[in-house]
Amino acid sequence: WCPVTDLADWFAQKNSYAPHIAAVCGGEPGASPAVDFEYARRSPRTLITNAANVPLYIGHGDKDPIIWTEQTWRSYYRLRDVPGHQVIFHSWDAGHEGRVSEGLDWAATKVRSLVPPKRLDLVTDEAKSYFWLELGPSAPLTFGRCTAILVRAGDVLTRDTKAQTTVLTLEATDVAQLRVDLSALGLAAPKTRSEGLRLEGTHLVANPGSGQHEFRAEF
């Protein structure tokens with residue numbers, strides 16, 4: 001409810017919270033690359049595509065004087081563009097308030113899925129695992145990014161065609177290491193794989209480094 005999703009946007013309002021935002025981030029936006037990185041890494045909008053595979057309900061009154069609704073709209077648009085997202089954004093005639101009962105009723109209808117997602121759109125400022133993919137940034141003050149898409153044999157590609165084989169594609173930017181847990185996806189060793197992808201036990205591993213890199217494995 002009424003979330004802060006971008007600290008730079010919130011600082012720009014210049015309300016009584018601005019000095020506290022600058023204090024925790026080390027300065028005002030634009031003071032240095034390190035300060036700007038702090039603003040970004042502490043802002044949910046930067047990482048919001050990580051939540052594309054879980055139900056997400058955002059509520060924000062359109063007359064909120066403390067956190068302007070525009071920053072929530074910008075964050076919603078970033079997640080809305082991810083295929084298969086499960087985000088709902090509800091804005092209504094209100095100020096800085098939530099609808100707790102409504103939110104709890106919505107949450108009570110959700111059950112954690114045991115099926116691994118086929119697509120991940122990940123952004124991270126540290127090495128960690130998300131579902132079946134582990135990655136970390138290639139350098140300090142850098143976000144590691146990866147779009148990972150699994151198409152299984154039999155998946156509908158268009159109205160008239162289905163996938164004949166199972167294919168995993170990885171598009172990585174500024175990533176030090178990628179580790180795909182094949183066992184979590186129910187996959188055996190790939191039949192073919194891109195140069196730079198190696199098999200370590202039940203994991204596919206790559207060390208792409210800075211810049212953009214693409215990998216493909218067929219099963």
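A few points about this structure:
- GluC sites (Glu not before Pro) lying in DSSP loop within the stretch 129-206, provided at most 12 other Cβ fall within 10 Å: E195
- The chain, relative contact order [Cα under 8 Å, separation at least 6], %: 15
- Computed lengthening from A107 to V205, 0.36 nm per intervening residue step minus Cα-Cα distance: 31.7 nm
- Kirkwood hydrodynamic radius of the stretch 95-191, Cα pairs, Å: 16.2
- Per residue of the chain, the DSSP helices (runs of n ≥ 4 H) give a summed -39500 (n - 2.57) that works out to -5500 deg cm²/dmol at 222 nm.
- R0 of 35 Å, Cβ-Cβ distance T169-E97: FRET efficiency to nearest 0.05: 0.20
- In a reduced charge model with +1 at each Lys and Arg Cβ and -1 at each Asp and Glu Cβ, the stretch 1-139 shows a dipole moment near 420 debye about its Cα centre.
- Relative contact order (%) - criterion: Cα under 8 Å, at least six apart; region: the stretch 1-125: 31
- Using R0 = 22 Å, the C-beta based FRET efficiency linking R179 and Y77 works out to 0.10.
- Average accessible area per residue (Å²) across the chain - probe 1.4 Å, nucleic acids and ligands excluded: 55
- Separation of alpha-carbon centers, the stretch 1-52 and the stretch 136-181, rounded to whole Å: 29
- Value of relative contact order over the stretch 96-219, rounded to a whole percent, pairs C-alpha under 8 Å and six or more apart: 22
- Within-13-Å neighbourhood charge of G103 [Cβ basis; K, R +1; D, E -1]: -1
- Near G84: Cβ cut-off under 14 Å, other residues only, Lys/Arg at +1 and Asp/Glu at -1. The net charge is 0.
- Neighbourhood charge, 15 Å Cβ-Cβ cut-off, centred on F143 and excluding it, Lys, Arg +1 and Asp, Glu -1: -2
- Label positions at T142 and A127, each projected 7 Å from the Cα along the C-beta direction, are separated by 1.4 nm.
The values are calculated or read from the model by the stated rules, or taken from the named source; none is laboratory data. On a predicted model such as this, the values are computed, not experimentally measured, just so you know. Cβ: placed from backbone, ideal geometry, glycine included. Neighbour counts: every protein chain shown. These area figures cover heavy atoms from the full protein model, side chains too; ligands, DNA and RNA do not enter into them. Shrake-Rupley method; radii C 1.70, N 1.55, O 1.52, S 1.80 Å.
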